[in-house]
Amino acid sequence: MTEQLANDSLDNDYDVVVAGGGAAGLNGALMLARSRRTVAVIDAGEPRNAPADGVHGLLGRDGMPPAELLARGRAEVRSYGGHVVSGEITGATRTEHGFTIELADGRSVRARRLLVTTGLTDELPDITGLRERWGRDVVHCPYCHGWEVRDRAIGLLATGPMAMHQVQLFRQLSDDIVFFTHDGPELTAEDGERLAARGIRVVTGKVTAVETDGEGITGLRLADGTVVARNVVAVGTRMVARAGFLGDLGLPAIAHPTGAGRYIPADPTGRTEVPGVWAAGNVTDISAQVGAAAAAGAMAGAQINADLVEEEIRAAVDARAS
Ligand SMILES: Cc1cc2nc3c(=O)[nH]c(=O)nc-3n(C[C@H](O)[C@H](O)[C@H](O)COP(=O)(O)OP(=O)(O)OC[C@H]3O[C@@H](n4cnc5c(N)ncnc54)[C@H](O)[C@@H]3O)c2cc1C
């Protein structure tokens, strides 16, 4: 059996259930399993960076395929007795001792604590041909794949206020940048100065389609039919936390202060406003890359272990007193 097919069976009770098995969830589970906590990672198997060839900017693992990094993480969690189970969580409710977590396939599991690391969905503008190239030559993040598209003809598709910042980061990587105003805010005179000073050409009007040939992107088509030759598109996405299943716990995703999407608020240790529920990675920090998501998962895992230790001390003191 290959690692992909290996799927631990789900017990009835765990100290901690981790919702989502990306970098954040697996690193959280690793800390918990190494602390001799019973832990199950339940994962729907769709990490955000799945379309990318490699994980970049991650010290010691730069360029490793995302699937390989996660396969290593699952093996590490399992090597300490943690369970990693395929499945989609659809609901969670509070019980006397913690939570009951429901899966789409009808299974359910109990846990004393819940760590939410389900990541986010990138919502792309509705432009013909854009989604098909997502993560290859339609990119969002200069640190993830900027180096890979350096010196190419890049078109920055403005979709919100961050476009002016994003375009200058891509300008660091290529001299050949066109700023498409598309759906972005109206440019001020100062914006125009900042773009012109760095040799960034501005094209106004709506983009309606990404033109491709067998090799990749060839241009961006405007509403008036003009095609501007480009072979990479940089675009900001609307980033929406994958957290609908937390509704019954009173923990809905809320609007992000930047206007960039929706997230689950948590403190720097991952603690949410709902006792017993922690969150880490992109579900709470929309700008976290893989390293930051893993670090936040590790922090939350350690904090949950400490919280459980405190609960156990209280129970032991009470038992001793009686
Ligand atoms: C195209 C692209 C390329 C990128 N390249 C890089 C890069 O080069 N370097 C870098 O550092 N970062 C990169 N990133 C960012 C990177 O994807 C994130 O930082 C990282 O995935 C966040 O990890 P996470 O664990 O929070 O979420 P994810 O990796 O998204 O993992 C969440 C997991 O939870 C699962 N899940 C969701 N809902 C449920 C549910 N209800 N029940 C059970 N499981 C569920 C998902 O299926 C998924 O497996 C890239 C992003 C994109 C979009």
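In segment 267-306, which residues are part of a loop (DSSP other than H, G, I, E, B) and within 12 Å of the ligand (Cβ to nearest atom)?
Residues satisfying the conditions are Gly270, Ala280, Thr284, Asp285, Ile286, Ser287, Ala288, Gln289.
So, in segment 163-175, exactly how many residues are closer than 14 Å to Arg152 by Cα, crowded, with 19+ Cβ neighbours inside 10 Å and without any contact (Cβ under 8 Å) to a residue 60 or more places away in the chain?
Residues meeting the conditions: 2.
Scan Val85, Val41, Val18, Val55 and give me the residue that is more than 21 Å from Trp278 (Cα to Cα) and either of a type in the set (Val, Ile, Thr) or within 11 Å of the ligand (Cβ to nearest atom) (or both).
Answer to the selection: Val55.
Can you find a residue in segment 95-105 that is under 19 Å from the mean Cα position of the chain (by Cα) and either crowded, with 16+ Cβ neighbours inside 10 Å or more than 13 Å from Tyr14 (Cβ to Cβ) (or both)?
Start the filter on segment 95-105 by keeping residues that are under 19 Å from the mean Cα position of the chain (by Cα), which leaves none.
No - not one qualifying residue is present in segment 95-105.
Can you find a residue in segment 147-156 that is exposed (fewer than 14 other Cβ atoms within 10 Å of the Cβ), under 25 Å from Ala229 (Cβ atoms) and over 21 Å from the mean Cα position of the chain (by Cα)? Spell out how you get there, then give the answer.
Step one: of segment 147-156, the residues exposed (fewer than 14 other Cβ atoms within 10 Å of the Cβ) are 147, 151.
Next, only the ones that are under 25 Å from Ala229 (Cβ atoms) stay: 147, 151.
Add one more test, that the residue is over 21 Å from the mean Cα position of the chain (by Cα), and what stays is 151.
Yes, there is a match, as at least one residue in segment 147-156 is exposed (fewer than 14 other Cβ atoms within 10 Å of the Cβ), under 25 Å from Ala229 (Cβ atoms) and over 21 Å from the mean Cα position of the chain (by Cα).
Take the residues in segment 216-252 that are small (Gly, Ala, Ser) and surrounded by 21 or more Cβ atoms within 10 Å (Cβ to Cβ); name whichever of them is nearest to the ligand (Cβ to nearest atom). Show your work before the answer.
Of all residues in segment 216-252, those small (Gly, Ala, Ser) come to 216, 219, 223, 225, 229, 234, 236, 241, 243-244, 247, 250.
Checking which are surrounded by 21 or more Cβ atoms within 10 Å (Cβ to Cβ) leaves us with 234, 236, 241, 243.
Numbers: Ala234: 12, Gly236: 12, Ala241: 9, Ala243: 8 Å.
Result: Ala243.
Any residue at all in segment 109-117 that is free of Cβ contacts under 8 Å to residues at least 12 places away in the same chain, within 14 Å of the ligand (Cβ to nearest atom) and not β-branched (Val, Ile, Thr)? Outline the logic, then answer.
Going residue by residue through segment 109-117, those that are free of Cβ contacts under 8 Å to residues at least 12 places away in the same chain are none.
For segment 109-117, residues free of Cβ contacts under 8 Å to residues at least 12 places away in the same chain, within 14 Å of the ligand (Cβ to nearest atom) and not β-branched (Val, Ile, Thr): absent.
Taken together, the values in this text are just the output of simple stated rules run on the coordinates, not laboratory data. Worth saying up front: this structure is predicted, and the values here are computed from it rather than measured. Positions of Cβ are generated from backbone atoms using ideal geometry, with glycine treated the same way; all protein chains shown enter the neighbour counts.
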